[in-house]
Protein chains: 2
Amino acid sequence: MSPNRALVFKEIPSGLPVPGKHLAVEEIPGDETTACPEGGLVLKSLYSSLDPYQRGRMRPPHVQSYYPALPVGETFTSRAIAQVVSSDNPQFRPGDTVIGMLSIQEVVILEAKSLPFVRLLDNPMSIEDIRAFLGPLGVPGLTAYGGLYEIGKPERGQTIFVSAASGAVGQMVGQIAKLEGLRVVGSVGSDEKLKFILDELGFDAGFNYKTESSLADALARVAPEGLDIFFDNVGGDHLDAALAHMKDHGRVVLCGTISDYNKAPEDRYPVRNTTYIFSKRLTVRGFLVSDKEIMEKYSAEHQRRVQGWLKDGTLRTKIWEVQGVENAPEAFLALFTGKNFGKVVLKY
Amino acid sequence: MSPNRALVFKEIPSGLPVPGKHLAVEEIPGDETTACPEGGLVLKSLYSSLDPYQRGRMRPPHVQSYYPALPVGETFTSRAIAQVVSSDNPQFRPGDTVIGMLSIQEVVILEAKSLPFVRLLDNPMSIEDIRAFLGPLGVPGLTAYGGLYEIGKPERGQTIFVSAASGAVGQMVGQIAKLEGLRVVGSVGSDEKLKFILDELGFDAGFNYKTESSLADALARVAPEGLDIFFDNVGGDHLDAALAHMKDHGRVVLCGTISDYNKAPEDRYPVRNTTYIFSKRLTVRGFLVSDKEIMEKYSAEHQRRVQGWLKDGTLRTKIWEVQGVENAPEAFLALFTGKNFGKVVLKY
C-alpha cells in the first residue's frame, strides 16, 4: 500500500498562499486496507474539484464569510468523486462511484455520521467523462446556469459580457447564453484562452485583458452596443469598467470576485462607477449556488438540460486536469495566477 | 405689473455651479396681462420644486444620462404648482390651481401643445398645505414610497439605514419604515438635522456624518445588528461603508448619489467594498421614479396612503421654503452644500 496523502491547511496567508508554507501535502493515517468504520465507508479518491472559494476558507475563524473558515491544521475539503473500497452500509457496494463533499486526500475513511455528505453518482445518460460532474454538471455548472437565468434574465438578441470566460463557470455561461440567442463577449487572461472561447465555444467577441491598456476601450470595441448582462467572476477593475458600459436596466450577476481573494480590504480595486448603478437603474446582485433560489429552483432543470447538451455535443467542456495529490497546491494556486486553462480537477 | 423673471442655464459647470455664472435669474418677456395663447393658459407660479437631479441636466448634450440635457440658454424646468390667470381651454378656469412640469419663472405662458404637462391639482382630502404635492405627495414622496417597497422589501423587525435622512426623500423613507415596524437609523449633515430625525421623525438612531471620523464606526454604533436595507441618497463613502455593514441577502436601494453630482468621474469616491455584494449576496438596485415598476405600480397606492397619513398627522413634513425667484440659484445650491433643511421649495 502507498501512503495516504492529504492537502493540509498549514498557516493563514495574507496574500497569495505559498505552497509548503500555507498549504502542504502531508502523509496521514489510513489506507485502502483500513477497516471500514461501523456503518461507514472506505473510499479511494478519483477526482477532486479545486475552486477559488477555497481561498476564502483560509482565514482567521473570527472573520465572517459565507463559507466556514477552515481551522489551521485541517485537511481541505471539496466536491470529489471517489470509488467505494469497502462499505458497511447496504446503500453502497465496493466498486460504486460516489460524489460528495470529501477531504482532499487519497483515501477517505468515512464514518457513518458523515455519510450524508456523499451519494451514488447518478449518471442516467451515461456521460462518459465523469469529471463533468465536478464541472458543467457540478457546482460550477449549476452556478453558471442558476446565476444566468435567475439574475441575468437572458433574452434573445441581448448582449452579455462574461469575465474569466474560459474558467469553470464562464465557459458554461457563455455557451448557454449562445444557445439562448444572445450576443456573447468575454474576457480572458491569455491569447490561447481567447482563441478557445472564440473558435471552440462560439463567443462572438472577446479580449485578453492582460494585453489591453484600457478595459473600457476593450469593452467599447467588442460590444459597441453596450451590455444588457454582465456575468462577473472577477470583480474590481472588470466590474468598474462594465458598470460604465451597461445599458439602462442591465443586470450584473456577481458570481465571484477572484481579483480580491488574495488582497487586504484596503488594497481592493477602487470602483468609481457605482454611480451608474443608480443612473442606469442597474440591478447588481450577488449569489451563491447554495442560495435556495438557485439550488432548489434550478438543480433538476440544470441536470436535465446540461446532461442532454453534453451527451449530444452541444456543450463543450474544458477541464484542466492536474495529476497526483502532490501537485494539488500548485493546481490550487493556478486558479489565482490564471495558469489553469478551464475547470481545475485534481486526478489521484 | 412686475417684470417676469426666470431661472436660466448660463454655462456648463465642471464642479459646483456658481450663481450668476452657470445659472442666473433673468428677465424674460410675458406677464399676467399677456394674451392667452389659443387653446392655452397663462399661469402665475406659486411654488416650484428644486431637486438634485436638475444638476445632472447641466451637462454637454452629447453626454448620455437618464434625463435630457438642458441646452445652455434655456430656462430650468421642474414640478411646480401654479394658478390659472387666464385660460382658452374649457378644462381650466381662472383661479384654478394646477400642477405639472413648468419652467421656473414667475409667469408661464403655456401653448396648447404644452397642456399635457399640467393638470388640475387633485386634493380630495383637502390637504391644507399644498406644498405637500411637491414633497411627500409629489415626486420625492413617490420616490421614497416606490423605492422602499419595490426594492427595499421592508419587513417588520428589520433594520434600515437611510442616508440624507432629513432630505425630501429620506424623511419619507424613514417615517414609512417606522410605520412598517422597522428599526430605522439615519445619517444627516448637521446636529440640528440629527435632533430632528430623532425627536420629530421618530428615527431610532442616527449620526451627523460630518462629525464622525469613520462611517464604519458610526454604523457599527447605531446599528450593531447590521443592515437589512440601505436606502441611499448619497452614494460614495456612504455606499462603501454600508456595503460592509449589510446583512446577508440585504437590499441596497440606490435612489441617488448626490455626493457625485458635482464631481468629475475620476474624482468619484473609490468604493472598495463591492466584493460584499457578492459574498453577502446583496441586491443593489438603482431606480427612477419614472420607471414603470415604480410609477405605474405605486402611484395610486402612494397617493391614497400618504394623503391619509398627512391628513391624520401620522407623517410629518419638513419643507425648506425659499421666497422669491431671485433666490432660486442659492436655494438650488443649498441641495449640494447641505444648507437646506428638508424638501426645497421655491415660493414666488
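Values computed for the structure shown
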read-out: Condition broken by residue A:141, with the remaining ones in (1) open to solvent by less than 10 Å² (accessible area, probe 1.4 Å); (2) free of Cβ contacts under 8 Å to residues at least 60 places away in the same chain satisfied; value: (2)
read-out: Matching entry among A:16, A:41, A:50 (being in the same structural domain as residue A:104 (by the TED database), within 12 Å of residue A:329 (Cα to Cα) and surrounded by 18 or more Cβ atoms within 10 Å (Cβ to Cβ)); value: A:50
read-out: Number of positions in the stretch B:227-249 that are more than 10 Å from chain A (Cβ to nearest Cβ) and not aromatic (Phe, Trp, Tyr); value: 11
read-out: Tally, over the stretch B:148-170, of residues that are closer than 16 Å to residue B:207 by Cβ and under 21 Å from the mean Cα position of the chain (by Cα); value: 9
read-out: Residue identified as open to solvent by less than 40 Å² (accessible area, probe 1.4 Å), touching a helix residue (DSSP H, G or I) at 6+ places or on another chain (Cβ under 7 Å), at pLDDT 95 or above and not in a loop (DSSP other than H, G, I, E, B) among A:86, A:78; value: A:78
read-out: Residues of the stretch A:272-283 satisfying the condition of being among the hydroxyl-bearing types (Ser, Thr, Tyr) and facing another protein chain (nearest Cβ under 7 Å); value: A:274, A:275, A:279, A:283
read-out: Check on residue B:306, assigned by the TED database to the domain that holds residue B:127 and either of a type in the set (S, T, N, Q) or at negative phi (or both); value: no
read-out: Residue within the stretch B:178-188 that is in contact (Cβ under 8 Å) with a residue 60 or more places away in the chain and either of a type outside the set (Phe, Trp, Tyr) or within 16 Å of residue B:342 (Cβ to Cβ) (or both) present; value: yes
read-out: Filtered residues of the stretch B:154-185 (kept if more than 20 Å from residue B:240 (Cα to Cα) and in contact with a Phe, Trp or Tyr (Cβ under 6 Å, 6 or more places away or on another chain)); value: B:166, B:173, B:174
read-out: Selection status of residue A:103, among the hydroxyl-bearing types (Ser, Thr, Tyr), open to solvent by 30 Å² or more (accessible area, probe 1.4 Å) and touching a strand residue (DSSP E or B) at 6+ places or on another chain (Cβ under 6 Å); value: yes
read-out: Subset of the stretch B:256-271 [surrounded by 21 or more Cβ atoms within 10 Å (Cβ to Cβ) and facing chain A (nearest Cβ under 7 Å)]; value: B:256, B:257, B:260, B:271
read-out: Lone qualifier among A:9, A:92 - being modelled with pLDDT of 95 or more and in contact with an Asp or Glu (Cβ under 8 Å, 6 or more places away or on another chain); value: A:9
read-out: Qualifying positions in the stretch B:200-226 - within 14 Å of chain A (Cβ to nearest Cβ) and of a type in the set (A, V, I, L, M); value: B:216, B:220
read-out: Selection count where residues are open to solvent by 20 Å² or more (accessible area, probe 1.4 Å), assigned to a helix (DSSP H, G or I), within 14 Å of chain B (Cβ to nearest Cβ) and not acidic (Asp, Glu), scope the stretch A:284-318; value: 2
read-out: Every residue from the stretch A:53-70 that is away from every other protein chain (no Cβ under 14 Å) and open to solvent by 60 Å² or more (accessible area, probe 1.4 Å); value: A:61, A:62
read-out: Residue match in the stretch B:163-178 (condition: of a type in the set (D, E, K, R), modelled with pLDDT of 95 or more and open to solvent by less than 30 Å² (accessible area, probe 1.4 Å)); value: no
read-out: Whichever residue in the stretch B:19-38 is open to solvent by 20 Å² or more (accessible area, probe 1.4 Å) and in a strand (DSSP E or B) and, among such residues, is farthest from residue B:104 (Cα to Cα); value: B:19
read-out: Any hit, the stretch B:16-39, residues being within 14 Å of chain A (Cβ to nearest Cβ) and free of Cβ contacts under 8 Å to residues at least 40 places away in the same chain; value: no
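The values are calculated or read from the model by the stated rules, or taken from the named source; none is laboratory data. Everything numeric in this text was worked out from a predicted model, so none of it was measured. Glycine also receives a Cβ, built like all others from the backbone with ideal geometry; neighbour counts cover every protein chain displayed. What goes into the accessible areas is simple: the full protein's heavy atoms, side chains included, and nothing from ligands, DNA or RNA. Shrake-Rupley method; radii C 1.70, N 1.55, O 1.52, S 1.80 Å.
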